[in-house]
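Encoded as structure tokens, the structure appears first; notes follow it.
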Amino acid sequence: MGFFDSWSDLVAAASPWSAVEAEAVGSTPAASEAETKDAAAGDENEDESKEEQEEEEEEEEEEETVDPKEKFEEECKESKACAPSKHHFEECVERVTAADEGKPVSKKHPNEDCVEEFFHLAHCASQCAAPKLWAALK
Amino acid sequence: MLARSCLPSARAVGVVRNGAVKTTKRAASSSSSSTEASTPFRLNMAAAAATTAAVGSMAWYYYLYGHELHAMTPAEEGLHPTQYPWVHRQFTKTFDHQALRRGFQVYQEVCSSCHSLSRIPYRALVGVTHTVDEVKVMAEENEYDSEPNDQGDIEKRPGKLSDYLPNPYKNDEAARAANNGALPPDLSLIVKARHGGCDYVFSLLTGYPDEAPAGAVVQEGLNFNPYFPGTGIAMARVLFNDLVEYEDGTPASTSQMAKDVVEFLNWAAEPEMDQRKKMGWKVIALTSALWAVSVWVKRYKWAHLKNRKLVYTPPVPRARHH
């Protein structure tokens with residue numbers, strides 16, 4: 001460690017480009033806030049010019065943040081790739097909740113639960129949503 | 001079953017051996033008696049028996065060992081987290097310090113009411129998430145025991161940079177008592193301490209379904225979370241959209257908060273990561289430079305051997321007289 005430190009110190013002393021000072025943190029949030037405000041204003045302007053009728057609805061939506069993970073996973077559950085696991089899960093739910101609707105309980109598996117089917121569906125959905133989610137998050 | 005499948009194979013080996021012996025005999029002596037032994041029917045029988053034995057033994061092996069056994073049911077094991085493309089896990093990338101700052105905010109406003117972060121002193125945050133002055137102000141908001149005064153009483157003093165982040169509970173027993181018997185783990189090393197690391201913590205925080213799947217048994221006082229081994233977790237879902245207000249204006253969705261706090265917890269567990277990657281690249285740069293030098297030195301040292309030309313001049317034959 002000592003050797004590398006002294007070596008990099010020497011290099012840093014000799015070269016003008018290696019010293020990088022962090023910006024004062026106080027200034028950055030204000031700047032980025034201003035940026036986001038500008039961006040939001042720009043979006044609103046575009047929306048206004050495009051469709052004025054939907055303005056009110058969009059404002060309502062903007063008030064409530066939508067979790068991108070939930071959105072993408074719902075889309076993924078409906079996708080073709082997750083169709084088999086979704087089918088199995090729904091079939092299982094129907095089977096297990098049959099007792100509540102007065103149908104006879106299966107004698108072979110009276111205590112069946114849908115945890116495993118739920119796992120497969122959740123795994124498929126999150127697997128499919130992962131890259132989309134990371135592209136959407138900051 | 002085993003004996004039954006072994007018998008034909010033994011017979012087959014015998015047949016093959018007999019056939020082999022007889023064919024060699026025929027090749028050696030070409031006697032008339034061996035032609036009868038190696039009729040096409042017997043050769044086909046041998047091949048068929050050998051194939052049956054091979055297929056049978058493979059089937060038997062698959063029957064015995066082919067199925068993986070699990071000591072635990074999938075529910076007891078818990079759902080394995082999906083791998084997310086964390087930027088800070090890449091070889092050439094560092095922590096995103098804006099994300100760390102947001103993550104610390106989430107920890108302090110949400111997690112710190114139950115979870116301690118006992119290995120992180122305020123000084124560690126300086127230059128990572130906040131400036132010195134900001135951290136000093138945060139430290140001063142808490143009270144710590146001071147040195148004994150002249151009467152031997154221990155008074156309270158405002159926190160300093162060298163103080164550690166305060167624990168929400170006096171001790172583990174108090175934490176258990178306040179949380180229905182479940183101890184909220186210390187988060188200092190949680191990313192290193194759990195299988196799946198960042199992916200697991202992120203999935204756990206965001207993976208609470210609206211309702212448990214049909215038939216699942218959730219004990220009193222527990223919540224269903226597929227990623228927690230056993231699926232019954234004492235911690236209820238804590239992250240909801242817009243729970244915190246980020247000072248940089250980032251929309252505070254559930255997954256955004258979870259991502260930021262997980263990156264912050266990864267920093268808490270591996271504060272040396274950025275430095276470690278820098279060191280790694282120094283090592284690669286230096287060793288490759290040394291390797292290049294050694295290749296050039298080798299060429300230099302071997303030059304006289306590689307350029308040497310060996311010439312053999314045969315002696316001039318004398319004219320012979322017979």
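The values are calculated or read from the model by the stated rules, or taken from the named source; none is laboratory data. All of these numbers come straight from a predicted model, not from anything done at the bench. Backbone-built Cβ (ideal geometry, glycine too); neighbour counts: all protein chains shown. Remember, those area values only see protein heavy atoms, side chains included, never the ligands or the DNA or RNA. Shrake-Rupley method; radii C 1.70, N 1.55, O 1.52, S 1.80 Å.
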Check off (1) away from every other protein chain (no Cβ under 14 Å); (2) touching a strand residue (DSSP E or B) at 6+ places or on another chain (Cβ under 8 Å); (3) open to solvent by 40 Å² or more (accessible area, probe 1.4 Å); (4) among the hydrophobic types (A, V, I, L, M, F, W, C) for residue B:218 and give me the number that stays unchecked. (1)
Can you report the number of residues in segment A:62-73 which are of a type in the set (D, E, K, R) and under 18 Å from residue B:202 (Cβ atoms)? 5
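Conditions tested, residue by residue: (1) surrounded by fewer than 16 Cβ atoms within 10 Å (Cβ to Cβ); (2) assigned by TED's automatic domain parsing to the domain that holds residue B:180; (3) within 27 Å of residue A:133 (Cα to Cα).
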site: B:213; (1), (2), (3): no, yes, yes
site: B:222; (1), (2), (3): no, yes, no
site: B:265; (1), (2), (3): no, yes, yes
site: B:279; (1), (2), (3): yes, no, no
Any idea which of (1) more than 30 Å from residue A:12 (Cβ to Cβ); (2) open to solvent by 20 Å² or more (accessible area, probe 1.4 Å); (3) facing chain A (nearest Cβ under 9 Å); (4) not basic (Lys, Arg) is the one residue B:283 doesn't satisfy? (1)
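Here is a list: B:271, B:315. Which entry is within 30 Å of residue B:238 (Cα to Cα) and not in a helix (DSSP H, G or I)?
Working: B:315 fails: within 30 Å of residue B:238 (Cα to Cα).
Just one listed residue meets the conditions, B:271.
Can you confirm whether segment B:248-260 contains a residue that is over 32 Å from the mean Cα position of the chain (by Cα) and either more than 30 Å from residue B:216 (Cβ to Cβ) or open to solvent by 70 Å² or more (accessible area, probe 1.4 Å) (or both)? Can you show your working first?
Taking segment B:248-260 and keeping what is over 32 Å from the mean Cα position of the chain (by Cα), we get B:248-249.
This time we only want the ones that are either more than 30 Å from residue B:216 (Cβ to Cβ) or open to solvent by 70 Å² or more (accessible area, probe 1.4 Å) (or both), so: B:248-249.
Scanning segment B:248-260 turns up at least one residue that is over 32 Å from the mean Cα position of the chain (by Cα) and either more than 30 Å from residue B:216 (Cβ to Cβ) or open to solvent by 70 Å² or more (accessible area, probe 1.4 Å) (or both).
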Hey, does segment B:164-175 have a residue that's more than 25 Å from residue A:133 (Cβ to Cβ), open to solvent by less than 50 Å² (accessible area, probe 1.4 Å), modelled with pLDDT of 95 or more and in contact with a Phe, Trp or Tyr (Cβ under 8 Å, 6 or more places away or on another chain)? yes
Out of all the residues in segment A:106-130, which are of a type in the set (Ser, Thr, Tyr) and either touching a Cys at 6+ places or on another chain (Cβ under 8 Å) or assigned to a helix (DSSP H, G or I) (or both)? A:126
Within segment A:95-133, how many residues are within 7 Å of another protein chain (Cβ to nearest Cβ), surrounded by 16 or more Cβ atoms within 10 Å (Cβ to Cβ) and under 17 Å from the mean Cα position of the chain (by Cα)? 5
Name the pairs: first residue in segment B:118-147 and farther than 23 Å from residue B:171 by Cα, second residue among the charged types (D, E, K, R), Cβ to Cβ under 6 Å, at least 6 apart or on different chains? B:129/B:101
Conditions (1) over 21 Å from the mean Cα position of the chain (by Cα); (2) open to solvent by 60 Å² or more (accessible area, probe 1.4 Å); (3) among the aromatic types (Phe, Trp, Tyr): number failed by residue B:208: (2)
Assess whether residue B:298 counts as being under 30 Å from residue B:125 (Cβ atoms), charged (D, E, K, R) and open to solvent by less than 100 Å² (accessible area, probe 1.4 Å). no
Are there any pairs with C-beta distances below 6 angstrom linking a residue in segment B:233-252 that is away from chain A (no Cβ under 11 Å) to a residue that is surrounded by fewer than 16 Cβ atoms within 10 Å (Cβ to Cβ) and assigned to a loop (DSSP other than H, G, I, E, B), with the two at least 6 apart or on different chains, and if so which? B:234/B:182
Need at least 3 residues that are touching a helix residue (DSSP H, G or I) at 6+ places or on another chain (Cβ under 7 Å) per element, so show me which helices (runs of 4 or more DSSP H) inside segment B:125-241 make the cut, counting only ones lying wholly within it. B:132-140, B:190-193, B:197-206
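Taking segment B:78-92 as the search range and keeping residues that are open to solvent by 80 Å² or more (accessible area, probe 1.4 Å) and more than 8 Å from chain A (Cβ to nearest Cβ), which one is nearest to residue A:76 (Cα to Cα)?
Looking only at segment B:78-92, we keep the residues that are open to solvent by 80 Å² or more (accessible area, probe 1.4 Å), and these are B:80, B:83, B:89, B:91-92.
The next check asks that each one be more than 8 Å from chain A (Cβ to nearest Cβ); those that pass are B:89, B:91-92.
On the way: B:89: 26, B:91: 30, B:92: 31 Å.
This residue is B:89.
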Within segment B:253-275, how many residues turn out to be away from chain A (no Cβ under 11 Å) and without any contact (Cβ under 8 Å) to a residue 40 or more places away in the chain? 1
Please tell me if residue B:152 is out of contact with any His (no Cβ under 6 Å at 6 or more places or on another chain), at negative phi and open to solvent by less than 70 Å² (accessible area, probe 1.4 Å). no
Among the residues of segment B:116-139, are any at pLDDT 95 or above, closer than 24 Å to residue B:229 by Cβ and surrounded by 15 or more Cβ atoms within 10 Å (Cβ to Cβ)? yes
